[in-house]
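The values are calculated or read from the model by the stated rules, or taken from the named source; none is laboratory data. Note that the coordinates shown come from a computational prediction; the quantities given were computed from them, not determined experimentally. Cβ coordinates were reconstructed from backbone atoms using ideal geometry, including for glycine residues, and neighbour counts include every protein chain displayed.
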Amino acid sequence: MLSVKHLLGIREITAEDIALIFRTADNFKQVLQRPIKKVPSLRDTTVANVFFENSTRTRLSFELAEKRLGADVVNFSASSSSVSKGETLIDTVKNILAMKVDMVVMRHAASGAPWFLANHINASIINAGDGTNEHPTQALLDAYSMREKIGDLNGKHIAIIGDIMHSRVALSNIYCLTKLGAKVTVAGPPTLIPKHIQSMGVRVEYNLKKALEWCDVANVLRIQLERQHKPLFSTLREYALYYGVSRSMLDSLNKEILIMHPGPINRGVELNSDVADSGQSIILDQVENGVAIRMAVVYLLSGKRDNIE
């Protein structure tokens, strides 16, 4: 069993919790290779996916994971709900829970919203992304995908490249990778690197070529223009020139590294297509592993003890 009732952030869980999630995901990944890709582990459980921000990959991945476990699934979208009429977060979720929902998967634009909710309701909460704070299941599937390709992450060199300042994926990845013993470097323009981030035990590099020469895996992040309230670099063309990962850049290295991206990709900005679609890219592996990781998280937080093999 996990040491927590909720998955609010990677900061809240232990390395042992992460190892348990990975072992459980290994079992579910085998299930997903079968002709019938379902187990009845959560057949008496109802999960509500409550998304106050737009999402494609994360929402679909959670919904598929829940249905693969046999759960009943309720999908809630703020844009088509009474939130647009002024209903509060607490009232929205209490109304959902009145329908006897056992678990809530929530994405919200406000950092800390899942913690606020966990203090007011009894159901287990899974954070599917809160503001610029955390995105724990993305970090878990990223680390799981790395481990699948390069083995134990202890001592491995991982570079996180791009818009670190506004990325909840970056923060959760740093927490997760350092708990697993990896060495982490963040790289990008100085305006997109938070001050004092070294206090989290990571290195800072402003030169993309040096970061790529150092790392075993490069996790490249999207430029989040929607969260930038003032210009932080001159143009996307300039960003792509200095911090976009190109085929020629990778070919100039004296080794082959893995390329990752949490999506959606701004092709031609942070990644060129001939990199995103290359043999070094494990972006589609991340998508596949996301279902197994989310199955593991939902299953473990449900408290079920069914045989999942």
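Scanning region 42-63 for residues that are within 21 Å of Leu97 (Cα to Cα) and not aromatic (Phe, Trp, Tyr) returns Leu42, Arg43, Asp44, Thr45, Thr46, Val47, Ala48, Asn49, Val50, Glu53, Arg59, Glu63. Filtering region 32-42 to residues that are in a loop (DSSP other than H, G, I, E, B) and either under 10 Å from Arg68 (Cα atoms) or outside the structural domain of Glu66 (by TED's automatic domain parsing) (or both) leaves Ile36, Lys37, Lys38, Val39, Pro40, Ser41, Leu42.
Out of Ala109, Ala170, one residue alone is out of contact with any Lys or Arg (no Cβ under 6 Å at 6 or more places or on another chain) and assigned by TED's automatic domain parsing to the domain that holds Asn27. It is Ala109. If the condition is being surrounded by fewer than 22 Cβ atoms within 10 Å (Cβ to Cβ), of a type in the set (D, E, K, R) and not in a helix (DSSP H, G or I), then region 157-187 contributes only Lys183.
Selection of region 27-52 for residues being surrounded by fewer than 20 Cβ atoms within 10 Å (Cβ to Cβ) and either in contact (Cβ under 8 Å) with a residue 24 or more places away in the chain or touching a Gly at 6+ places or on another chain (Cβ under 6 Å) (or both) yields Asn27, Lys29, Gln30, Val31, Leu32, Lys37, Lys38, Pro40, Arg43, Thr46. Could you tell me whether Asp26 is part of a loop (DSSP other than H, G, I, E, B) and acidic (Asp, Glu)? Criteria not met by Asp26. When region 256-266 is filtered for residues that are at pLDDT 95 or above and out of contact with any strand residue (DSSP E or B) (no Cβ under 9 Å at 6 or more places or on another chain), only Glu256 remains. Looking across region 124-149, the residues that are among the small types (Gly, Ala, Ser), more than 12 Å from Gly9 (Cα to Cα) and crowded, with 19+ Cβ neighbours inside 10 Å come down to Ser124, Ala143, Ser145.
Among the residues of region 85-107, those identified as in a loop (DSSP other than H, G, I, E, B), surrounded by 12 or more Cβ atoms within 10 Å (Cβ to Cβ) and modelled with pLDDT of 85 or more are Val101, Asp102.
The set of residues in region 259-287 that are buried (at least 17 other Cβ atoms within 10 Å of the Cβ) and either among the charged types (D, E, K, R) or in a helix (DSSP H, G or I) (or both) comprises Glu270, Val275, Ala276, Ile283, Asp285, Gln286. Within region 87-102, residues that are within 18 Å of Ile126 (Cβ to Cβ) sit with their Cβ atoms under 8 Å from residues that are part of a loop (DSSP other than H, G, I, E, B) and of a type in the set (Gly, Ala, Ser), at 6+ positions apart or across chains, in these pairs: Thr92/Ser81; Leu97/Ala123; Val101/Ala123; Asp102/Ala123. Residue under question is Ala110, and the condition is that it be surrounded by fewer than 16 Cβ atoms within 10 Å (Cβ to Cβ) and either assigned to a strand (DSSP E or B) or within 20 Å of the chain's Cα centre (by Cα) (or both); does it hold? Yes, satisfied.
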